[in-house]
Amino acid sequence: MKLENGQNMQDHLKVFVELFEELAIIADAIVEEERVIILVSSLPDRFSTLVTALEANEKIPAWEVVTERLLNEERRQRGGPGSSDSSEKLLGQTIPLLSHILLKLEKKLSRKRPLLCLVVGKRELTSSIKRAS
C-alpha cells in the first residue's frame, strides 16, 4: 500500500491506523517499530530526504514523531503555512510595503544618516531614511 501522487498524507496515515487496529483485533498486534518501518516503506521518492534523515537515527523513531514529520514535509512540499515557499511569498509582499512606509518616513525626517538596511536572501533593500538626532 503506497502513498499515491495527490493522495493526502492524513488520509494515508488514517488507512494505516485503521489497518493496524483491525490486525490487532484478528491477530497479533504489530509493534510500533514495525508500524514505522511499514509506513516509511510506503512513501514515494519525494519523501526520500526525510526517510534518509529518519534512517540516520540510532533507534527507530516513535510513530508520533514520524507522522508529525511526514505531515510537516507534505505541508512544506505543497507550500502550505509554515513552509519556506509560503514564507518567501509573504516576504515578497511585505518588502514593497515596508519600502513604501520607509520612503514616507524619509520625507518626514530629512536627516543625513541611513536609518535602516534590510538584507533578505539575495535581495538588499536599503532605505535612505535619515537617522533622527
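The values are calculated or read from the model by the stated rules, or taken from the named source; none is laboratory data. In this text the structure is predicted, and so the values were computed from the model without any measurement. Glycine also receives a Cβ, built like all others from the backbone with ideal geometry; neighbour counts cover every protein chain displayed. To get the accessible areas, we keep the full protein, side chains included, count just its heavy atoms, and leave off ligands, DNA and RNA. Shrake-Rupley method; radii C 1.70, N 1.55, O 1.52, S 1.80 Å.
Some notes on this structure:
- For residue 28: the one exception among (1) assigned to a loop (DSSP other than H, G, I, E, B); (2) crowded, with 17+ Cβ neighbours inside 10 Å: (2)
- First in segment 42-70 and touching a residue at least 60 places away in the same chain (Cβ under 8 Å), second anywhere and of a type in the set (D, E, K, R) and surrounded by fewer than 18 Cβ atoms within 10 Å (Cβ to Cβ), Cβ under 6 Å, 6 or more apart: none
- Scan of segment 21-48 for residues that are over 14 Å from residue 1 (Cβ atoms) and among the β-branched types (Val, Ile, Thr), ordered by number: 25, 26, 31, 36
- Checking each residue in segment 49-61 for being open to solvent by 60 Å² or more (accessible area, probe 1.4 Å) and within 26 Å of residue 6 (Cβ to Cβ) picks out 49, 52, 55.
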